[in-house]
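Peer 1: Have a look at the structure that comes next, please.
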Amino acid sequence: MVEKNINANLPDFAINLSGKVDRVATMKRDTDYKSVIDFKTTQVGSTKKEIFSAQILLYAWLLKKNGIKISNAGYVSITNKETKFKNVEQIDKAEMLVNKLNKVFLDLNEGLPIQPIAAKFGKVCKECRVKAICRKDEWMS
């Protein structure tokens, strides 16, 4: 599978998550062993931090919802200096990440404040699309 669009609804909220998976590879000797791979043209940060592995964990969850069980996941970082594979450990955390995301939307729907990621990491993401409505200051004080 190469550059396939996938989607699924959140468990308890009518929001459809979608993504375009770069590649799902199947081992020739074991067709049940499937890896989801995302290609990056920059260096990949620590995949042990949820924020850096969130994209591929969501892909693993979306693929599972579409009947494809993922055994392994990782990023292929392609830069001018090197090409390197970075494995994302514990892809079983995908379900936990989706549950967190689901809770955020349920809380927002109820009018409850949520803690933005920027507050958790102590910096504002310059490329953030929602920085104009972010409640960072409420959480930082």
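Peer 1: Pairs under 8 Å by beta carbon, first residue closer than 15 Å to Tyr59 by Cβ in region 13-33, partner of a type in the set (D, E, K, R) and exposed (fewer than 14 other Cβ atoms within 10 Å of the Cβ), six or more apart or different chains?
Peer 2: Pairs that qualify, where the first residue is closer than 15 Å to Tyr59 by Cβ and the partner is of a type in the set (D, E, K, R) and exposed (fewer than 14 other Cβ atoms within 10 Å of the Cβ), are Lys20/Glu3; Val21/Glu3; Asp22/Glu3; Arg23/Glu3.
Peer 1: Among the numbered criteria (1) surrounded by fewer than 12 Cβ atoms within 10 Å (Cβ to Cβ); (2) modelled with pLDDT of 65 or more, which one does Val98 miss?
Peer 2: (1)
Peer 1: Out of Ile56, Ile91, Ile70, Ile51, report the one residue that is at pLDDT below 80 and either under 16 Å from Asn5 (Cα atoms) or crowded, with 19+ Cβ neighbours inside 10 Å (or both).
Peer 2: Ile91
Residues are listed down the side, and each one gets a yes or a no for (1) open to solvent by less than 70 Å² (accessible area, probe 1.4 Å); (2) out of contact with any strand residue (DSSP E or B) (no Cβ under 7 Å at 6 or more places or on another chain); (3) among the aromatic types (Phe, Trp, Tyr); (4) outside any strand (DSSP E or B):
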{"position": "Asn7", "(1), (2), (3), (4)": "no, no, no, no"}
{"position": "Phe13", "(1), (2), (3), (4)": "yes, yes, yes, yes"}
{"position": "Ser18", "(1), (2), (3), (4)": "no, no, no, no"}
{"position": "Val21", "(1), (2), (3), (4)": "yes, no, no, no"}
{"position": "Val24", "(1), (2), (3), (4)": "yes, no, no, no"}
{"position": "Gln43", "(1), (2), (3), (4)": "no, no, no, yes"}
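Peer 1: Counting just the residues of region 77-88 that are open to solvent by less than 80 Å² (accessible area, probe 1.4 Å), within 10 Å of Gln43 (Cα to Cα) and in a strand (DSSP E or B), which one comes out modelled with the lowest pLDDT?
Peer 2: My answer is Lys86.
Peer 1: Scan region 29-40 residue by residue and report those that are under 19 Å from Val76 (Cβ atoms), open to solvent by 70 Å² or more (accessible area, probe 1.4 Å) and either modelled with pLDDT under 85 or of a type in the set (A, V, I, L, M) (or both).
Peer 2: If we filter region 29-40 for residues that are under 19 Å from Val76 (Cβ atoms), which is where we start, we get 33-40.
Now narrow it down to the ones that are open to solvent by 70 Å² or more (accessible area, probe 1.4 Å): 33, 39.
Answer for region 29-40, where residues must be under 19 Å from Val76 (Cβ atoms), open to solvent by 70 Å² or more (accessible area, probe 1.4 Å) and either modelled with pLDDT under 85 or of a type in the set (A, V, I, L, M) (or both): just Tyr33.
Peer 1: Write out, first by first residue and then by second, each pair whose Cβ atoms fall under 9 Å of each other, whose residues are 6+ apart or on separate chains, and whose first residue, in region 65-76, is over 18 Å from Lys40 (Cβ atoms) and free of Cβ contacts under 8 Å to residues at least 60 places away in the same chain while the second is of a type in the set (D, E, K, R) and exposed (fewer than 14 other Cβ atoms within 10 Å of the Cβ).
Peer 2: Once the first residue is over 18 Å from Lys40 (Cβ atoms) and free of Cβ contacts under 8 Å to residues at least 60 places away in the same chain and sits in region 65-76, its partners that are of a type in the set (D, E, K, R) and exposed (fewer than 14 other Cβ atoms within 10 Å of the Cβ) give Lys69/Asp32; Ser71/Asp30; Ser71/Asp32.
The values are calculated or read from the model by the stated rules, or taken from the named source; none is laboratory data. Computed from a prediction, not measured in an experiment: that's the story for all the values here. Reconstructed Cβ throughout: ideal geometry from the backbone, glycine too, with neighbour counts over all protein chains shown. Calculation scope for accessible area: heavy atoms of the full protein, side chains included, ligands and nucleic acids excluded. Shrake-Rupley method; radii C 1.70, N 1.55, O 1.52, S 1.80 Å.
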